[in-house]
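First the structure, in the form of structure tokens, and then the observations on it.
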Amino acid sequence: MAGRLCQRDGWIMTAMVAVVISDVGMNTLFKAASSKGMSSYVFLVYSYGIGALLLLPSPFLTHRSRSLQPLKFSVLCKMGLLGLLGCVYLMLGYTGIKYSSPTLASAMSNLTPAFTFIFALLFGMEKVSIKKNSSIAKVVGTIVSIVGALVVTLYHGPIIFAASQPSVHLPQPLSPPPSPPLNSNWVIGGCLLALEYTLIAISYIIQTHIMREYASEFALALSHNICVSVSCAFVSLFVETNNPSAWIMRSSIMLICIVATGMVNSTGYVVESWTVRHKGPLFLAMFRPLAILTAVVLGAIFLGDSLYLGSVIGGTLISIGFYTVMWGKAKEEKSEIDTHHAASSSHSKRVPLLMNYAAEKQV
């Protein structure tokens, strides 16, 4: 039993790390496509429409979906609310990236664990007791992880590894020149991104509620993609009324961005739903600080960026905080399993005594 749980947790962690890396890549790809004039609203319509088409047969093919009970109206309403909420925070997020950068988006994502932790406490999904080491580990680990992400974002320090100039000249559309208009744009982008990740924390809570009532990751991902695509289509009809050319993909990078995002986001949402069903919303949110660390590492490897002391210190703090929360969650689960086994064994011992008492009474 314990071995299967460890193996499952290993797969969950591996899949979530892959989702984080792909999210950073998709944000960068979107920034490149939006610099060519792609509308973020039209992008959401197309990409999530493609994701819905890819996921369309999945609920009818998976064994779990066939064994589930019919959908209740309350669950459908929650799915619709989750899709509408997803439409709002996605539009906020991609607009924020358009005003700022993928790196700032990765940095602002570190707000998610804190907000998720607060909402999970309010809705009773997480419990904190100062008498339990597991609860203290979750609180301390969350704080340390967020501090580490802020260090990576705000503190550079001396250069530890100075990367050589890349052999191929890379354009730098993502590096903001220090002009006043762009600085004001970054403030707007930062505010939009902060609001996005607050709504994402709320969506994790709703997602957990849905998975407890209807445990089908593919059905939830399909409904989410459909709701986002349809909602964004209505918004786009008003926003892009005077710009019909926005619906035409004028460059290959736009088409690549739409198709790749549709594939990655649909798969990633299934993985996130699978994670939140087994591990809860806080576990899912704790992978957000890895995004900024991933952006720094990928930048150093592929873009020839220098490695700074702040990145090393912040990355270490993120790792310590992350594994501290994981340890706390694992200890809580082990305690729950031990309590369940103890209750089961106690019940099995009481049953024969009751049966013997009944037999003696009959005699």
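The figures follow:
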read-out	value
For Ser344: the one exception among (1) at pLDDT 55 or above; (2) more than 30 Å from Leu293 (Cα to Cα); (3) open to solvent by 60 Å² or more (accessible area, probe 1.4 Å)	(3)
Residues satisfying the stated conditions in the range 239-282, i.e. among the small types (Gly, Ala, Ser) and not in a helix (DSSP H, G or I)	Ser251, Gly280
Those residues of the range 223-238 which are more than 11 Å from Leu44 (Cβ to Cβ) and either outside any helix (DSSP H, G or I) or within 28 Å of the chain's Cα centre (by Cα) (or both), in sequence order	Ser223, His224, Ile226, Cys227, Phe234
Candidates Val88, Val19 - the one that is under 22 Å from the mean Cα position of the chain (by Cα), open to solvent by 20 Å² or more (accessible area, probe 1.4 Å), modelled with pLDDT of 85 or more and within 29 Å of Ile188 (Cβ to Cβ)	Val88
The range 283-293, subset more than 12 Å from Asp23 (Cα to Cα) and in a helix (DSSP H, G or I), residue most open to solvent (accessible area, probe 1.4 Å)	Leu293
Selection within the range 118-135 - out of contact with any Lys or Arg (no Cβ under 8 Å at 6 or more places or on another chain) and outside any helix (DSSP H, G or I)	Phe123, Gly124, Met125, Lys127, Ser129, Ile130, Lys131, Lys132
Failed item in (1) modelled with pLDDT of 85 or more; (2) open to solvent by 20 Å² or more (accessible area, probe 1.4 Å), with Leu82 passing the rest	(2)
Subset tally (residues that are at pLDDT below 85 and within 23 Å of Ser22 (Cβ to Cβ)) for the range 218-260	2
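The values are calculated or read from the model by the stated rules, or taken from the named source; none is laboratory data. Model, not experiment: these values are computed from the prediction. Positions of Cβ are generated from backbone atoms using ideal geometry, with glycine treated the same way; all protein chains shown enter the neighbour counts. Each accessible area value is taken on the protein alone, full model and side chains, heavy atoms only, with ligands, DNA and RNA left out. Shrake-Rupley method; radii C 1.70, N 1.55, O 1.52, S 1.80 Å.
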